[in-house]
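Novice: Structure below; questions to follow.
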Amino acid sequence: MANRGSILAALFLSCAIFPLLAFANFELPTLPDPSKAADDFARIVKGLEGGEGFPGFSSPWLQNPGEQYDEPDKPIGEKPKPDPVQGPGEPQIPGPGEPKIPGPKEPQIPGPGEPQPKPGVLKEGFYQQSCPQAEKIVNEVINKIFQKDPTIAPALVRLFFHDCFVTGCDASILLDRTPSGEDIEKNSPQNGKFVRGFEAIDEIKARLEAECPGVVSCADVLAFANREALVYTGVPNFNMAGGRRDGLASLAKNGELNLPLPESTAQQMIELFQRKGMTIEEMVVLIGAHSIGAAHCTVVAGRFRDPEKSKVIDRGYLMKMQVMTMCQNDTQDLAFDPYSQQKMDSRFYKELLRNRALLESDQNLVLEPNANGVMKKYVGDQNGWLASFTAAITKLGGIEVLTGDQGEIRKQCRFVN
């Protein structure tokens, strides 16, 4: 593995409607004569003995961070890609004013209380035979990008979380277009301009397609890239299983229903994670990734000027943030944890427990007894938190995945095949 670079990370906030077949002059097929079954069986046996096998029969095979310390308070300080050229035999995309081509019905998310899809089976070293260089290629590309843009780390972590929490880890967030023509997932309010990292995934996928075409799914690319990002920010190296396949659809409304908002209440957060099979402890452990994140100034500024919401905020922090959130522009970012933003660090919980949360939803969890208890458990246990974090992020990577012959392996991560 390449040496891990230091990270100055900043980021936040964090069918086919098949045409009915018209049957004309339809005739029922002639059923086989039962009396001839013995003769047919004998011919099959003879064919096998002669090495002829079963003419016309095929059986497709499934292809398959660091010390604890206290520091004194101090100031806290994509171009859309063109549509691919369509080749002969590829589905044609309607132009402006033309009727949409019926596409696959978009998947709907089960609501509260409804059964969730059963998890698929993933496997470590999934590409050991079919594409042995797959994970090495992911590491090489991420390492190269980190040298130029270390802020890509929290971006990839957030991208992975926002993919898995919608229709499962199926790379649906990467799609620029979906067959039905409906608004896509990356355009939901919780995503939009706040998610990035797509170009990194594109570069990895291009390398993989050159190495082993049609083998590695975009969903696995995103999972492996998320692992590399975490390791580069201080998380001990861990295995990430593979075998995910790519979804065929993406809906903005699915993102709205399944992703948290900056002002989400503690109960809303808990219910959201529980619907995905995650416990309160796993939720708090995963939110610790805000240690390397940042929030856009305009997203968080309001709560520091709201008379009611500001009552629970530490007074010194409140006064500081009222100055810091005089946002100069839409691109100004503020660190969740200004003291250890360069690494994944459980010290982040120390700031939360002091009521110095940048994000309202994080502050709401501080006031929830069970979540508060988890924060206190890990605030002084960096190694214990990292171990729990890797277990939780691995579990997250198995949520509602497509496996086997479900979905597809996209040639390009932004478009279905």
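The values are calculated or read from the model by the stated rules, or taken from the named source; none is laboratory data. Since we're looking at a predicted model, the values are computed, not measured. Cβ sites come from the backbone with ideal geometry, for glycine too, and all protein chains shown count toward neighbours. Quick note on the areas: whole protein, heavy atoms, side chains included, nothing else; ligands and nucleic acids left out. Shrake-Rupley method; radii C 1.70, N 1.55, O 1.52, S 1.80 Å.
Novice: Restricting attention to segment 149-174, and to residues there that are farther than 25 Å from E282 by Cα and at pLDDT below 95, which single residue is most open to solvent (accessible area, probe 1.4 Å)?
Specialist: Checking each candidate, the answer is D149.
Novice: Select from segment 327-365 the residues that are within 16 Å of G234 (Cα to Cα), of a type in the set (S, T, N, Q) and under 24 Å from the mean Cα position of the chain (by Cα) and write down the one among them that is least open to solvent (accessible area, probe 1.4 Å).
Specialist: Filtering segment 327-365 for residues within 16 Å of G234 (Cα to Cα) gives 337, 339-348.
Imposing the further condition that a residue be of a type in the set (S, T, N, Q) reduces the set to 340-342, 346.
From what's left, under 24 Å from the mean Cα position of the chain (by Cα): 341-342, 346.
Details: Q341: 44, Q342: 102, S346: 0 Å².
Ranking the candidates gives S346 first.
Novice: Another question, if that's okay. Of all residues in segment 269-297, count the ones that are in a helix (DSSP H, G or I), farther than 24 Å from T390 by Cα and open to solvent by 10 Å² or more (accessible area, probe 1.4 Å).
Specialist: Result for segment 269-297: 0.
Novice: What's the total number of residues in segment 244-263 that are assigned to a loop (DSSP other than H, G, I, E, B) and either in contact with a Leu (Cβ under 7 Å, 6 or more places away or on another chain) or among the aromatic types (F, W, Y) (or both)? Can you show your working first?
Specialist: Quick first cut of segment 244-263, residues assigned to a loop (DSSP other than H, G, I, E, B) only: 244, 247-251, 259-263.
Checking which are either in contact with a Leu (Cβ under 7 Å, 6 or more places away or on another chain) or among the aromatic types (F, W, Y) (or both) leaves us with 244, 247, 250, 260, 262.
Total meeting the criteria: 5.
Novice: Separate question: Quick one: is G302 small (G, A, S) and either in contact with a Pro (Cβ under 8 Å, 6 or more places away or on another chain) or buried (at least 21 other Cβ atoms within 10 Å of the Cβ) (or both)?
Specialist: no
Novice: I would also like to ask the following. Could you go through segment 135-148 and let me know if any residue there is modelled with pLDDT under 95, open to solvent by 40 Å² or more (accessible area, probe 1.4 Å), part of a loop (DSSP other than H, G, I, E, B) and among the charged types (D, E, K, R).
Specialist: Taking every residue of segment 135-148 in turn, none turns out to be modelled with pLDDT under 95, open to solvent by 40 Å² or more (accessible area, probe 1.4 Å), part of a loop (DSSP other than H, G, I, E, B) and among the charged types (D, E, K, R).
Novice: Separate question: Identify all residues within segment 395-417 that are in contact with a Pro (Cβ under 8 Å, 6 or more places away or on another chain), assigned to a loop (DSSP other than H, G, I, E, B), on the phi < 0 side of the Ramachandran plot and open to solvent by less than 40 Å² (accessible area, probe 1.4 Å); write none if there are none.
Specialist: If the condition is that a residue be in contact with a Pro (Cβ under 8 Å, 6 or more places away or on another chain), assigned to a loop (DSSP other than H, G, I, E, B), on the phi < 0 side of the Ramachandran plot and open to solvent by less than 40 Å² (accessible area, probe 1.4 Å), then G398, I399, V401 are the ones that fit.
Novice: Residues in segment 366-394 that are closer than 23 Å to G234 by Cβ and either of a type in the set (K, R) or open to solvent by 30 Å² or more (accessible area, probe 1.4 Å) (or both): how many?
Specialist: Looking only at that region, the number is 10.
Novice: Next up: Please specify each residue of segment 216-237 satisfying the condition of being open to solvent by 30 Å² or more (accessible area, probe 1.4 Å) and within 18 Å of R410 (Cβ to Cβ).
Specialist: The answer is none; no residue qualifies.
Novice: Would you mind telling me which numbered condition in (1) under 23 Å from L122 (Cβ atoms); (2) open to solvent by 10 Å² or more (accessible area, probe 1.4 Å); (3) in contact with a helix residue (DSSP H, G or I) (Cβ under 8 Å, 6 or more places away or on another chain) P260 fails?
Specialist: (1)
Novice: So, one more: Pairs please, first residue from segment 325-347 and on the phi > 0 side of the Ramachandran plot, second anywhere and open to solvent by 10 Å² or more (accessible area, probe 1.4 Å) and aliphatic (A, V, I, L, M), Cβ atoms under 7 Å, 6+ apart in sequence or on different chains.
Specialist: Within 7 Å, no pair qualifies.
Novice: With respect to the numbered conditions (1) β-branched (V, I, T); (2) under 16 Å from G397 (Cα atoms); (3) at pLDDT below 95, which one is the sole condition not fulfilled by T178?
Specialist: (2)
Novice: Being closer than 26 Å to D149 by Cα and surrounded by fewer than 19 Cβ atoms within 10 Å (Cβ to Cβ) is the filter here, so list the residues in segment 177-193 that pass it.
Specialist: N187, P189, G192, K193
Novice: For segment 240-253, does any single residue satisfy the condition of being within 15 Å of I173 (Cβ to Cβ), acidic (D, E) and under 16 Å from the mean Cα position of the chain (by Cα)?
Specialist: Taking every residue of segment 240-253 in turn, at least one turns out to be within 15 Å of I173 (Cβ to Cβ), acidic (D, E) and under 16 Å from the mean Cα position of the chain (by Cα).
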